[in-house]
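Novice: Here it is, the structure, as structure tokens.
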Amino acid sequence: MFIRDILGGEQPSISFEFFPPKKESGLEELYSHAAELSKLPSNFFTVTYGAGGTTRGLTEKVVDHFQTELSKPSIPHLTCVGNSRDELKEIISGFKTKGIDNILALRGDPPKGSFDFEPHPDGFVNASGLVSLIKEVDDFSVGVAGYPEGHPETPNKLADMEHLKTKVDAGADFIITQLFFDNHDFLDFRDRCRLVGINVPILAGIMPALSFKGVQRMCGLCGAKIPAKLLEKLMNANEEDIPKIGIEWAIQQSNNLIANGVEGLHLYTLNKSRATTDILEGLIL
Ligand code: FAD
């Protein structure tokens, strides 16, 4: 099943993102949360790909489990880190033979402690090359990443939009955004996409703040800002009240996006079922 065929309906799509555990022993817990979440109305799941391909085997394993045991169309993320074009070709062909029809194509991040992305000498410098390769190998529905607040490495936001357009023109069917907490950033990003001729569905990345330290760490990594109104609530709360605040914020954010015609909500589950369940229960669809 191609994700491109289920996007663009009257209702926004709902998708859930998971990350593979560091070790096989963590799979059982992940599968139990995912099984709970598979009972909720959603269109597809995605599974991240560890930096440097560290979790590749587990990414494929988790996607396979979600598709066969939970009957949920699932998308592996794939990055350019550490692989040549030929190796990537092999990985992509392998996905097809395992019944995977969809891929989220990413460049990946620089190694820990470094600011510069280091492409494989025979690999890709950015994600658009990977999108073209995927389309060359077989028929996949391909998603790419978008950044409502701009990608942290690109101070020039106009250039960032041009790079996103190149990725989409290479054959991407949809965009999933980085997490953000201020809907103005998303709505303005969507308008700017349409102005430069990016017309594929844009799915909004929503992550609830479940701990103050956790949200600070995530925002530090991806460059998203915490708006003053949310920051004030988080700073003045006891740690045990933070999840309630984070979930309420995510619900309000999601309902406002729905009212503004968002094409999809992509929930970063953090591999837990409770918060995502609460958010879905609060949606006015
Ligand atoms: P690109 O689109 O290649 O962009 C990277 C930078 O290069 C941008 O600044 C862009 O403006 C610039 N650029 C692009 N093309 C050109 C060009 N032609 N000339 C000059 N500059 C150019 N990381 C993981 O390791 N594993 C994951 O599973 C993962 N999942 C993610 C899921 C989502 C929804 C998102 C939003 C991010 C995810 N990431 C993941 C993080 C991602 O790998 C990083 O944000 C990475 O820094 C950029 O990846 P990209 O695919 O957006 O890169």
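Novice: Which values, in whole Å and largest first, are the semi-axes of the equivalent ellipsoid of segment 191-270 obtained as the square root of 5 times each eigenvalue of the Cα gyration tensor?
Specialist: They are 26, 14, 11 Å, listed from largest to smallest.
Novice: MET218 versus THR68, label points 7 Å from Cα toward the beta carbon: distance in nm?
Specialist: Each label point is offset 7 Å from its Cα along the Cβ direction, giving 3.1 nm.
Novice: Based on the Kirkwood radius over alpha-carbon pairs, what is the Stokes-Einstein translational diffusion coefficient of segment 1-47 at 37 °C with 0.692 mPa s viscosity, in µm²/s?
Specialist: Estimated via Stokes-Einstein, D reaches 269 µm²/s.
Novice: Just the number, please: carbon plus sulfur as a percent of the accessible area of the chain, 1.4 Å probe, no ligands or DNA/RNA counted.
Specialist: Details: 7000 of 13520 Å².
That share works out to 52 percent.
Novice: Once fully extended, how much extra length lies between SER84 and ILE284, figured as 0.36 nm per residue of separation less the alpha-carbon to alpha-carbon distance? Mind showing how you got there, number by number?
Specialist: Values: separation 200, 0.36 × 200 = 72.00 nm, distance 4.53 nm.
That works out to 67.5 nm of additional length.
Novice: Roll a 1.4 Å probe over the protein chains and send me the accessible area per residue for the chain in Å².
Specialist: Dividing the accessible area of the chain by its residue count gives 47 Å².
Novice: When only Cα pairs under 8 Å and 6 or more residues apart are kept, what is the percent relative contact order across segment 142-269?
Specialist: Normalised by residue count, the contact order of segment 142-269 is 29 percent.
Novice: Accessible area of MET235, 1.4 Å probe, to the nearest 10 Å²?
Specialist: Here the residue's solvent-accessible area equals roughly 120 Å².
Novice: Here's something else I'd like to know. Note down the relative contact order for the chain as a percent, whole number, built from C-alpha pairs under 8 angstrom at least six residues apart.
Specialist: The value is 21 percent.
Novice: Sorted from largest down, what three extents in whole angstroms do the Cα atoms of segment 8-147 have along their principal axes?
Specialist: 44, 36, 31
Novice: Sticking with this structure for a sec: Scaled to the compact-protein estimate 2.2 N^0.38 Å, what is the alpha-carbon radius of gyration of the chain, rounded to two decimal places?
Specialist: Working: Rg = 18.0 Å, N = 285, 2.2 N^0.38 = 18.8 Å.
So the Cα radius of gyration is 0.95 times the expected 2.2 N^0.38 Å.
Novice: For LYS98, which lysines qualify as cross-link partners when the Cα separation must be under 23 Å and same-chain residues fewer than eight apart are set aside?
Specialist: LYS22, LYS23, LYS61, LYS72, LYS89, LYS135
The values are calculated or read from the model by the stated rules, or taken from the named source; none is laboratory data. It should be emphasised that the depicted structure is a prediction, and the values quoted were computed from it without experimental measurement. Note that we place each Cβ from the backbone using ideal geometry, even for glycine, and neighbour counts take in every protein chain shown. Please note that ligands, DNA and RNA were not included when accessible areas were found on the heavy atoms of the full protein model with its side chains. Shrake-Rupley method; radii C 1.70, N 1.55, O 1.52, S 1.80 Å.
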